[in-house]
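Worksheet for the structure shown next.
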Amino acid sequence: QNRLINPNKPLLLLSQSNLLLVLRFIGSKKMGSQQAAVSFLTNLAKAAFGLGTAATVLSSSLYTVDGGERAVLFDRFRGVLDQTVGEGTHFLIPLLQKPHIFDIR
């Protein structure tokens, strides 16, 4: 038997107003933790959106020319560029340049 807690004596004697204050305090702590969770999730969503946007831009700025192929770049401002592009992975400016890949075998 636990001798620290006497079932005949109440542990705390709170008046009704003090009990309401305690419940409001506990409720405000819960609201604070909810606000912190919402703030964290908002920041996480912003970071995920930024990373997704950066990954999309990076992905759209790369193109691959396979073996036995060559690419000619079309630039919206300069037209078809004179130099051909050989095998490998190359960069371009999205929305301004477009690769046209040809089989040279």
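The values are calculated or read from the model by the stated rules, or taken from the named source; none is laboratory data. Quick caveat, the model's predicted, so the values are computed rather than measured. All Cβ positions, even for glycine, are placed from backbone atoms using ideal geometry, and neighbour counts span all protein chains on display. Side chains included, ligands, DNA and RNA excluded: accessible areas come from the protein's heavy atoms. Shrake-Rupley method; radii C 1.70, N 1.55, O 1.52, S 1.80 Å.
What nm value, rounded to one decimal, do you get for the distance between I104 and T84 when each label is placed 7 Å out toward the C-beta?
So the two model labels end up 0.3 nm from each other.
On average, how much accessible surface per residue is there in the stretch 33-103, in Å², for a 1.4 Å probe, leaving out ligands, DNA and RNA? Before the final figure, lay out each step's value.
Numbers: 5310 Å² over 71 residues.
For the stretch 33-103, the per-residue accessible area is 75 Å².
So for the pair T53, A37, with labels modelled 7 Å out along Cα→Cβ, what separation do we get in nm?
Here the modelled spin labels are 2.8 nm apart.
So between D75 and L44, what do we pick up on full extension, going 0.36 nm a residue minus the alpha carbon distance? Can you show the working numbers first?
Details: separation 31, 0.36 × 31 = 11.16 nm, distance 3.73 nm.
In short, 7.4 nm is gained.
What is the local net charge at D103, summed over the other residues whose Cβ is closer than 14 Å to its Cβ (Lys, Arg +1; Asp, Glu -1)?
Details: positive: R70, R105; negative: D66, E69, E87.
Summing Lys/Arg as +1 and Asp/Glu as -1 gives -1.
Compute the signed sum of charges (Lys and Arg +1, Asp and Glu -1) over the other residues within less than 14 Å, Cβ to Cβ, of A71.
Values: positive: R70, K98; negative: D66, E69, D75, D82, E87, D103.
Summing Lys and Arg as +1 and Asp and Glu as -1 gives -4.
With θ set to phi - 60° and the Karplus curve 6.51 cos²θ - 1.76 cosθ + 1.60, what are the ³J(HN,Hα) couplings of the stretch 93-105 in order, to the nearest whole Hz, using x for Gly and Pro?
Rounded to whole hertz, the list is 8, x, 6, 10, 10, 9, x, 10, 9, 10, 7, 10, 6.
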